[in-house]
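The values are calculated or read from the model by the stated rules, or taken from the named source; none is laboratory data. This one's a predicted model, so the numbers in the text were calculated from it and none came from an experiment. Here the Cβ positions follow ideal geometry from the backbone for every residue, glycine too, while neighbour counts run over all protein chains shown. Calculation scope for accessible area: heavy atoms of the full protein, side chains included, ligands and nucleic acids excluded. Shrake-Rupley method; radii C 1.70, N 1.55, O 1.52, S 1.80 Å.
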Amino acid sequence: MKKIVMASGLWMVLACASLPGTARAADDVQAKAQIGQLVERFQAAIIAHDKTALEGMFVADGGSWFEVLGEDAYRQIKAKKPDLSRVHADNYRHFAAFIGDSKQRIEEQFSNVRIQTDGAVASVYFDFIFLVDGRRNNVGSETWQLVHTGEGWKISAMAYSSYPDRTR
């Protein structure tokens, strides 16, 4: 009986030691700073049309990427294209190729960036404005799921709402 209690006690000590919020607080601050740098590198790679840098920010396999049209945009476009799906699945390689091949100035401005992490996994949520040649193309909110690979943070999933600019 005593061995079981001691083993259970050891398990509890190990489990509690690995809980976020104890010794992990310093790691979380460092992780948030690293993720903030990833966000900045992402924006800089778009401006620089750097396809390779963008691709390197994503987990190579197993990720997901979804665009979800905002309600108004969905209704307006669906009226013209009845078989339109509100959710469009894609992948980071298409986005990186679009950025890398574009001859136009492209920029994605982020605001209200929020990062949550325990040092191993993270989420980033922000509002964005996507600019093409200095003109607003679309706006929305974007969320990333990230994993720490041991060699740095990588985006494993991305989903964003899209509200295309009506003036185009």
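Figures for the structure shown
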read-out: Identity of the residue in the range 103-114, touching a Leu at 6+ places or on another chain (Cβ under 9 Å) and closer than 20 Å to Gln37 by Cα, that ends up surrounded by the fewest Cβ atoms within 10 Å (Cβ to Cβ); value: Gln109
read-out: Candidates Gly100, Gly152, filtered to the one that is out of contact with any strand residue (DSSP E or B) (no Cβ under 9 Å at 6 or more places or on another chain) and surrounded by 15 or more Cβ atoms within 10 Å (Cβ to Cβ); value: Gly100
read-out: Answer residue from the range 102-122, given it is in contact with a His (Cβ under 8 Å, 6 or more places away or on another chain) and not in a loop (DSSP other than H, G, I, E, B) and is farthest from Trp65 (Cα to Cα) among those; value: Ile106
read-out: Whichever residue in the range 44-92 is part of a strand (DSSP E or B) and under 17 Å from Asp165 (Cα atoms) and, among such residues, is least open to solvent (accessible area, probe 1.4 Å); value: Leu69
read-out: Pair list, Cβ under 6 Å, 6 or more apart: the range 61-89 residue closer than 14 Å to Glu142 by Cβ, other residue in a helix (DSSP H, G or I) and open to solvent by less than 90 Å² (accessible area, probe 1.4 Å); value: Trp65/Tyr92
